[in-house]
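The values are calculated or read from the model by the stated rules, or taken from the named source; none is laboratory data. On a predicted model such as this, the values are computed, not experimentally measured, just so you know. Every residue, glycine among them, receives a Cβ derived from its backbone with ideal geometry; neighbour counts consider all protein chains shown. Just the protein is used for accessible areas: all its heavy atoms, side chains included, with ligands, DNA and RNA removed. Shrake-Rupley method; radii C 1.70, N 1.55, O 1.52, S 1.80 Å.
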Amino acid sequence: VSTQSTWGFPFDENYPPAFADLVDFCGVVAAHLAEPSHVAVIHCRLGTPQALAALPSLLIYMGNAASYFEAEAYVMQYSAQGVLNPSQQRYIQYLESWVRNDPIPTTRVVQFTYVTIHTTPNFDMFDHGCSPYFTIEQYHSRGGRLQRTYSSSAEAPPRHYANRTKITFRIQSDGTACGDCRFMFFDSQNTDDYMFCFWLHTSFLQVDSTMLALTKSEIDKAWKDTQHFAPEFAVTVGYEIISSKFEPAEDEMVDVLIESDDGQ
């Protein structure tokens, strides 16, 4: 067991950690607690959000909770805040699938083909519409940085929409991705107002599907915003799987996930 007493796993309080970092965190703390005399204190410098994302993950990893919902119920005994961010919840559920030994590839390269917004976000005070565009960023865990790899505004200038049941963006240029991805949506009419976002990891996209569907409750910022988003608000993301690589050993998986996030 390492004699080191302090470890840092930084990530933004509003977003999930990179999946490789989440697995690394759980492994380090679990190894530390393997010594019966050891305890672990998980602390967020800015308050509680990061700790509330980390604790349910650790409970699942160590077998103290069978599911995300069981882990969250335990944590909420001590904090009424819970894990509020939908993408953080998604990543804890990713970890739950990984711990169950579901057939998760260590790397999965996908081509995103389209994004559809269902119902029009209301960011215009006159016609209750918006002029949306979105970006895709990929996370490099070793450098702790996001790199923008796609912007819909580079393909076509943002158009204004109002009262549309759906808005579809076709991804014509290179929309390939691997690992942790963040989709960020903006309203270009109001000085690039941030509207909503969501994170996903390509290894957890289903091989027997070509679409990821997210309801309002699964989308960051939109999930609790009743002013700008209708209850029926949703987003679908089309994709094609280009390649998948599987590694049988858990320790190998963590290494490969980190390497793939770094573009190697």
Out of all the residues in the range 121-129, is one or more part of a strand (DSSP E or B), touching a residue at least 24 places away in the same chain (Cβ under 8 Å), within 17 Å of E240 (Cα to Cα) and not hydrophobic (A, V, I, L, M, F, W, C)? no
By residue number, the members of the range 17-43 that are closer than 20 Å to N101 by Cα and open to solvent by 60 Å² or more (accessible area, probe 1.4 Å) are D24
In the range 170-186, residue nearest to A156 (Cα to Cα) [restricted to those that are in a strand (DSSP E or B) and open to solvent by less than 10 Å² (accessible area, probe 1.4 Å)]: F185
Hey, can you tell me all the residues within the range 68-102 that are open to solvent by less than 30 Å² (accessible area, probe 1.4 Å), at pLDDT 85 or above and either on the phi > 0 side of the Ramachandran plot or not in a helix (DSSP H, G or I) (or both)? N85
Within the set of pairs 6+ apart or on separate chains, which have a first residue in the range 162-181 that is within 13 Å of Q138 (Cα to Cα) and among the polar types (S, T, N, Q), a second that is modelled with pLDDT of 95 or more and open to solvent by less than 30 Å² (accessible area, probe 1.4 Å), and C-beta atoms under 8 Å apart? T176/V110; T176/F112
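Here is a yes/no grid of residues against (1) in a strand (DSSP E or B); (2) touching a Gly at 6+ places or on another chain (Cβ under 9 Å); (3) within 30 Å of N64 (Cβ to Cβ):
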{"site": "I104", "(1), (2), (3)": "no, no, yes"}
{"site": "T113", "(1), (2), (3)": "yes, yes, no"}
{"site": "Q138", "(1), (2), (3)": "yes, yes, no"}
{"site": "A154", "(1), (2), (3)": "no, no, no"}
Members of the range 147-169 found to be over 22 Å from H228 (Cβ atoms) and either at pLDDT 95 or above or buried (at least 18 other Cβ atoms within 10 Å of the Cβ) (or both), listed by number: Y150
Please state which of the following conditions T210 fails to meet, knowing it meets all the rest: (1) open to solvent by 80 Å² or more (accessible area, probe 1.4 Å); (2) touching a His at 6+ places or on another chain (Cβ under 8 Å). (2)
Those residues of the range 213-248 which are within 21 Å of Q172 (Cβ to Cβ) and either of a type in the set (V, I, T) or open to solvent by less than 30 Å² (accessible area, probe 1.4 Å) (or both) amount to V235, T236, V237, G238, Y239, I241, I242
Taking the range 178-187 and keeping only residues that are out of contact with any Leu (no Cβ under 8 Å at 6 or more places or on another chain) and over 25 Å from F229 (Cβ atoms), one is left with C178
Might you let me know whether the range 2-19 holds any residue that is under 26 Å from C197 (Cβ atoms), modelled with pLDDT under 90 and part of a helix (DSSP H, G or I)? no
